[in-house]
Amino acid sequence: MKRLVVIGNGMAACRLLEELTRLAPDLYQITVVGEEPFAGYNRVMLSPLLCGGTDEQTITTYPHQWYRERGIRLITGSPVVEIHRHRRQVMTAAGHVLDYDRLLLATGAAPRQLPVDGVALKGVMSFRDLHDVRKLLSLSAARVVVVGGGFLGLEAADALVKQGHDVTLVHSRGHLLNQQLDEAAGHRLQQDLEARGLKFVMQARTQSIEDNGHGGVAAVHLGDGQRLPADYVVQAVGIVPRAELAAGAGLTVNQGIRVDDTLQTFDPAIYAIGECVEHRQRTFGLVAPLYEQASVCASHLAELGHRRYLYADTATRLKISGIDLVSFGDFGGEQEGVESDTLQLALPGGYRRLQIRDNRIVGMVLYGDVAEAPFYETLWRNQADISAVRATLLLGEAFCNLPGDGGDKQEEIAA
């Protein structure tokens, strides 16, 4: 049997192992090396875990038994420290020497660190993995400043409020989730979260973190002069692909580990998938493209290599404290030099915005009530002409009778 070593045991790696052992169960002797001391778990469920909505056993989607049943050797808590490409060996911190015929890098990404004085103080944390959640759950009632108004920052802040902490979220932009929501939806989200006890400081940048004199946190200083007293700081300001191992082995690294459409590096024995990679000048952080990469790469490792990975823009679906959000495309109408029209509708249970260009949907934001998302997404993907239903488009599919629907839905509703 050929020897496959997988560096990383996150969601992308586990999905690839699942697919590969289905396609070619007897092709490889597989060894997985995970830096964390855990079996495979669902990182998406860390927020419910932090707010008490689930437990560690439930989010462990690939328990130790799963690896044993497939004959996979799992090494946990011992990161790989060196790759010797010419010898086709990897070395772990615990002294394992692992030979490979094929090597898969799935090293993920690390939380971006705030570039400020005081970031190394005890009490400055991230929200990225199970170890982080355990630390956050161990906190007694405290004043917490969360830096970052993206998805992870909001999830952490909301969960910490539910744990009974006094939480203030600092965001450098004018509205929350500025990459996924327009201004109206972002402000509405802020209002809804404020009603649940979360405080916000917007359009503010962290200047420094003050030492309490004992190596811990006393306060967060902002660029506008504000001082926010704090016992802990949670930084949620993005992620950075973990590509140091690849760079040390002489692989091509730019923003991430460079791969081609088969997820292969320039070394034909080494593949890479997930948050650590760069494919066609793009890096990744959402689950959907990672799973697609895992599927394509598995087909090549299984020696059934007829597939290619090409990124396709997809709708972003999020849930913040029970509030559903969906967005896609150019929802802000910000494409330079191109005019577009905005259709907006405020609803008791949410908000809808459609961006229209040349009678076609080019972007969308749904807040709260997202039941119509599949309908709008289909029109967007198919570049359907919506001129005949423009007046009723915001009301949803039931009020639209597009060519080819086979009947007047408005008449059916009236009847």
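The values are calculated or read from the model by the stated rules, or taken from the named source; none is laboratory data. These numbers were taken from a predicted model, which means no experiment stands behind them. Using ideal geometry, Cβ is built from the backbone for each residue, glycine included, and neighbour counts are taken over all protein chains shown. When the accessible area is computed, the model is the full protein with side chains, heavy atoms only, and any ligands, DNA or RNA have been set aside. Shrake-Rupley method; radii C 1.70, N 1.55, O 1.52, S 1.80 Å.
Take the Cα of A371, step 7 Å along the line toward its Cβ, and report every residue of segment 302-332 whose backbone nitrogen sits under 17 Å from that point.
Zone members listed by number: 323-326.
Taking 0.36 nm per residue of sequence separation and subtracting the Cα-Cα distance, how much length would be gained by fully extending the chain between D211 and H306, in nm to one decimal?
Values: separation 95, 0.36 × 95 = 34.20 nm, distance 5.65 nm.
Gain on extension, D211 to H306, equals 28.5 nm.
Hey, with R₀ at 22 Å, roughly what FRET efficiency would N382 and E339 work out to, going by the Cβ-Cβ distance, to 0.05? Mind dumping the intermediate values first?
Numbers: r = 22 Å, r/R0 = 1.01.
Result of the calculation: an efficiency of 0.50.
Checking the a/c ratio against 1.5 first, then a/b against b/c, what shape does the Cα gyration tensor give for segment 34-145? If you can, show how the numbers build up before the last one.
Values: a/c = 2.92, a/b = 1.46, b/c = 1.99.
Because a/c hits 1.5 or more and a/b fails to exceed b/c, segment 34-145 counts as oblate.
With every protein chain kept in place and ligands, DNA and RNA left out, what is the accessible area per residue of segment 171-304? Probe 1.4 Å, answer in Å².
Details: 5850 Å² over 134 residues.
For segment 171-304, the per-residue accessible area is 44 Å².
Ignoring ligands, DNA and RNA, what percent of the 1.4 Å accessible area of segment 256-382 is carbon and sulfur? Each step should come with its number before you reach the end.
Numbers: 2540 of 5540 Å².
Within segment 256-382, the accessible surface is 46 percent carbon and sulfur.
Counting Lys +1, Arg +1, Asp -1, Glu -1, what net charge surrounds T206 among other residues with beta carbon under 12 Å of its beta carbon?
On the way: positive: R205, R227; negative: D117, E210, D224.
Residues close to T206 contribute a combined charge of -1.
If packing is taken as the average number of other Cβ atoms within 10 Å across a peptide's residues, how do 191-200, 348-357 rank, most packed first?
Values: 191-200: 14.5, 348-357: 18.9.
By packing density, highest mean first, the sequence is 348-357, 191-200.
Would you calculate the separation in nanometres between label points at R3 and Q179, each defined as 7 Å from the Cα along the Cα-to-beta-carbon direction?
Between R3 and Q179, the simple spin-label model gives 3.9 nm.
State the extension gain, in nm to one decimal, for the chain segment bounded by S140 and R85, taking 0.36 nm per residue of separation less the distance between their alpha-carbons.
Numbers: separation 55, 0.36 × 55 = 19.80 nm, distance 4.74 nm.
Roughly 15.1 nm would be gained on extension.
Round to the nearest 0.05 the FRET efficiency obtained for F266 and A391 when R0 = 56 Å and r is the Cβ-Cβ distance.
Working: r = 55 Å, r/R0 = 0.97.
Taking R0 as 56 Å, the efficiency between F266 and A391 is 0.55.
Lys pairs in the chain, Cα-Cα under 24 Å, at least 8 apart or on separate chains: how many?
Lysine pairs meeting both conditions in the chain amount to 9.
With a 10 Å radius around each residue's Cβ, average the other Cβ atoms per peptide and rank 21-29, 37-45, highest first. Working shown, then result.
Numbers: 21-29: 15.2, 37-45: 18.2.
With the highest mean Cβ count within 10 Å placed first, the list reads 37-45, 21-29.
If you take P(r) over Cα pairs in 20 Å bins from 0, in percent from the coordinates, which of [x] 26, 55, 19, 0; [y] 23, 50, 26, 1; [z] 28, 60, 12, 0 do you get?
The value computed from this structure is option [y].
Apply the Debye scattering formula to segment 252-352, with a single equal point scatterer on each alpha-carbon and no solvent, then give log10 I(q)/I(0) at q = 0.15, 0.23, 0.24 Å⁻¹.
Values, matching the q order: -0.76, -1.17, -1.23.
Please work out the C-alpha center-to-center distance from segment 206-274 to segment 291-332 and express it in whole Å.
22
Rounded to the nearest whole Å², what accessible area per residue is found for segment 1-91 with the 1.4 Å probe?
Details: 4450 Å² over 91 residues.
Normalised by residue count, the accessible surface of segment 1-91 is 49 Å².
Report the calculated FRET efficiency for R227 and R43 (r = Cβ-Cβ distance, R0 = 30 Å), to the nearest 0.05. Provide the component values of the computation, followed by the final result.
On the way: r = 34 Å, r/R0 = 1.13.
Efficiency computed from Cβ-Cβ geometry: 0.30.
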